[in-house]
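The values are calculated or read from the model by the stated rules, or taken from the named source; none is laboratory data. Since we're looking at a predicted model, the values are computed, not measured. All Cβ positions, glycine included, derive from the backbone under ideal geometry; neighbour counts span all protein chains shown. Ligands, DNA and RNA are excluded from the accessible area calculation, which covers all protein heavy atoms including side chains. Shrake-Rupley method; radii C 1.70, N 1.55, O 1.52, S 1.80 Å.
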Amino acid sequence: MGPKVFELSNISYLDNSPVDLSLIDHRYFIFPGLCDVHVHFREPGFSYKETIKSGSMAAAHGGYTAVCTMPNLKPVPDCYENLKAETDIIDRDSMIAIYPYGSITKGQKGEELSDMANMERAIAFSDDGKGVQSKEVMRKAMLKAKSLGKMIVAHCEVNELLDGGYIHDGEYAKAHHHLGISSRSEYEEVERDCQLALETGAKLHICHISCKETVEIIRRYKALGADVSCEVGPHYLIMNDSDLKESGFYKMNPPIRGKEDQEALLFGIKDGTIDMIATDHAPHSLEEKSKGLKDSNMGIVGLETAFPLLYTKLVKTGFIGLHKLIELMAINPRHRFRIPLGSCDYCVYDLEEEYVIDDRDFLSYGKAMPFGGMKVFGRCLLTVCNGRIAYKAKKL
């Protein structure tokens, strides 16, 4: 029996294949290359955490053929020259298609707009890692991005409401005497930016939403006609703060929130309020992630675990169908961000293989994530990007 072909629109992923897919076992599925609009590959500036090469290898290992890299780099890509420092490395080292962000503001300081007009290669503009605190600066950014035909991708966080917190301000924080991050610190700025998008007509994408109030705000502004989209990370869908442990491997920003938030996010992907799933792949050194919840750096890796986790937790349980998951992880991100998908751009998954997540299998430099030891189904066997093999399992 031949392979099961996964088709969306009228694209066939068997055309012009660089390997003989007729030899692939019938239980394997061919999907369009996954697309993640929110990753941190750390180069230039922080290559001890991750490099363009290692990050792209990790992405290919997870079935991704396109990613968008965030601008918290050194130098910050806030002008042509600084962005070129990143794209030169991308052109030299990447195994997949990488679309870099330019920053919204100079140095990501939130004060003065970056040189947006001269960063043609920027897929969009973001200050991810920092919320733009000034409403007027964000308004100017939206109007400028709109004039360039590009999108603002917003990390929404009100600094004045953080109060030194580092995990969700919920039951776990109270029981274990941790300082909490309120949901208000997220949704208050989400509301502001959605209102600005409605007023200006700019395209807005909200990063890594985590709380129930944010889901409702985005749903409301979509109904009002705002050109807004959003993403959620796998960890917010499959965990809540009752799953936390005293380890930096559970620390990210925004934090894993309460059960009601998790349920609202799950409903949001089901009813279409949430447009896509993005990993916020954020590698750090083991030293930086081994200082407990209070003192570890924020961020976990996710490119190599996202599909198997979501397939196991959402599809095999019957919560959503396989087509829906592929839309969230491959089709919708490309459509919203205008990222092309070629006929030789796909991945092959064995959906019946069960295994335990082990960071020793990762190609990323980063190992910190809260999923170690979890049993999952679905192993990536082959990733092909633009007709070139980016990852191939030994068993093929």
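Annotations
- Filter pass, residue 46 being open to solvent by less than 20 Å² (accessible area, probe 1.4 Å), among the hydrophobic types (A, V, I, L, M, F, W, C) and either modelled with pLDDT of 95 or more or under 19 Å from residue 306 (Cα atoms) (or both): no
- Selection of the stretch 204-258 for residues being within 12 Å of residue 167 (Cβ to Cβ), touching a Leu at 6+ places or on another chain (Cβ under 8 Å) and surrounded by 22 or more Cβ atoms within 10 Å (Cβ to Cβ) yields 210, 244, 248, 250, 251, 256.
- Residues that are out of contact with any Lys or Arg (no Cβ under 8 Å at 6 or more places or on another chain), surrounded by 24 or more Cβ atoms within 10 Å (Cβ to Cβ) and not in a strand (DSSP E or B), drawn from the stretch 157-193: 186, 189, 190, 193
- Filter result for residue 154 (at negative phi, of a type outside the set (Phe, Trp, Tyr), open to solvent by less than 10 Å² (accessible area, probe 1.4 Å) and at pLDDT 95 or above): yes
- Failed item in (1) more than 30 Å from residue 245 (Cβ to Cβ); (2) touching a strand residue (DSSP E or B) at 6+ places or on another chain (Cβ under 9 Å); (3) modelled with pLDDT of 95 or more, with residue 348 passing the rest: (3)
- Subset of the stretch 107-141 that is in contact with a Leu (Cβ under 9 Å, 6 or more places away or on another chain) and among the aliphatic types (A, V, I, L, M) - its residue that is surrounded by the fewest Cβ atoms within 10 Å (Cβ to Cβ): 117
- Being within 22 Å of residue 206 (Cβ to Cβ), among the basic types (Lys, Arg), out of contact with any helix residue (DSSP H, G or I) (no Cβ under 8 Å at 6 or more places or on another chain) and in contact (Cβ under 8 Å) with a residue 24 or more places away in the chain is a description that does not apply to residue 74.
- Number of the condition not met by residue 267 [criteria: (1) assigned to a helix (DSSP H, G or I); (2) crowded, with 16+ Cβ neighbours inside 10 Å; (3) of a type in the set (Phe, Trp, Tyr)]: (2)
- Close Cβ contacts (under 7 Å, 6 or more residues apart or on different chains) running from residues in the stretch 118-134 that are among the aromatic types (Phe, Trp, Tyr) to residues that are surrounded by fewer than 24 Cβ atoms within 10 Å (Cβ to Cβ) comprise 125/116; 125/150.
- Among the residues of the stretch 228-260, those that are charged (D, E, K, R) and over 25 Å from residue 283 (Cβ atoms) comprise 259, 260.
- Against the criterion of being in contact (Cβ under 8 Å) with a residue 60 or more places away in the chain, open to solvent by 50 Å² or more (accessible area, probe 1.4 Å), farther than 26 Å from residue 49 by Cα and out of contact with any His (no Cβ under 6 Å at 6 or more places or on another chain), residue 396 qualifies.
- Condition met for residue 131 (at positive phi, part of a loop (DSSP other than H, G, I, E, B) and not aromatic (Phe, Trp, Tyr)): no
- Residue within the stretch 90-106 that is open to solvent by 30 Å² or more (accessible area, probe 1.4 Å), among the acidic types (Asp, Glu) and outside any helix (DSSP H, G or I) present: no
- Residues of the stretch 186-202 that turn out to be without any contact (Cβ under 8 Å) to a residue 40 or more places away in the chain and closer than 16 Å to residue 155 by Cβ, as a count: 5
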